[in-house]
1. What net charge is computed for the residues neighbouring residue 2, neighbours being all others with C-beta under 10 Å from the C-beta of residue 2, Lys and Arg scored +1, Asp and Glu -1?
2. So, by mean Cβ neighbours within 10 angstrom, what's the order for 28-39, 90-101, 54-65, 108-119 with the highest one leading?
3. In a shell of Cβ-Cβ distance under 14 Å around residue 23, excluding residue 23 itself, what net charge do Lys and Arg (+1) and Asp and Glu (-1) give?
4. If amide hydrogens are placed 1.01 Å from N in the peptide plane, which non-local residues have theirs closer than 5 Å to the one on residue 109?
5. If packing is taken as the average number of other Cβ atoms within 10 Å across a peptide's residues, how do 19-25, 73-79 rank, most packed first?
6. Under 5 Å between amide H atoms, partner at least 5 residues away or on a different chain: which partners does residue 7 have, H built in plane at 1.01 Å?
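Bear in mind that the values in this text are calculations on the coordinates, not laboratory data. Treat the numbers as computed from the prediction; the structure is a model and nothing was measured. Positions of Cβ are backbone-derived with ideal geometry, glycine not excepted, and every protein chain shown enters the neighbour counts.
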Amino acid sequence: MIYQGSCHCGAVQFEVDAPDEVEVEDCNCSICRMTGFLHLIVPQRAFRLLSGADHLTVYRFNTGVAEHKFCKICGIKPFYVPRSNPDGMDVNLRCLKTQPAVVKIVGFDGKNWEQHAADLAHKTL
């Protein structure tokens, strides 16, 4: 399935290929806990930015590997390049206009990221 997504104001538009049944992570790290991001990690080839590249700004913290991309207008982070899978894209499930038929939400201990990062390595295969 191809799912359409956007930031809140619609300046940033994207699409992502994902199955009808997905597993997403609900991370408890400081940034995810505060923003409510639900992680749908996909290979880079499954993600397409349709418009709004000029409306994105990047925030990096800690190791600086993850590229947290936010809309400069509304402040929403619809997707980012994750530290766990820098060859992939992490889409916020909550920014998709329609949802997959089956969504399994699993907890991820991002507070203790170093001990659990390998649990996400398979997501972009």
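1. Details: positive: 48; negative: 15, 17.
Net of charged neighbours comes to -1.
2. Ranking the peptides 28-39, 90-101, 54-65, 108-119 by packing returns 90-101, 28-39, 108-119, 54-65.
3. After counting each charged neighbour, the total is -4.
4. It is none; the list stays empty.
5. Numbers: 19-25: 16.1, 73-79: 18.1.
My ranking of the peptides, most packed first, is 73-79, 19-25.
6. Long-range HN contacts for residue 7: 12.
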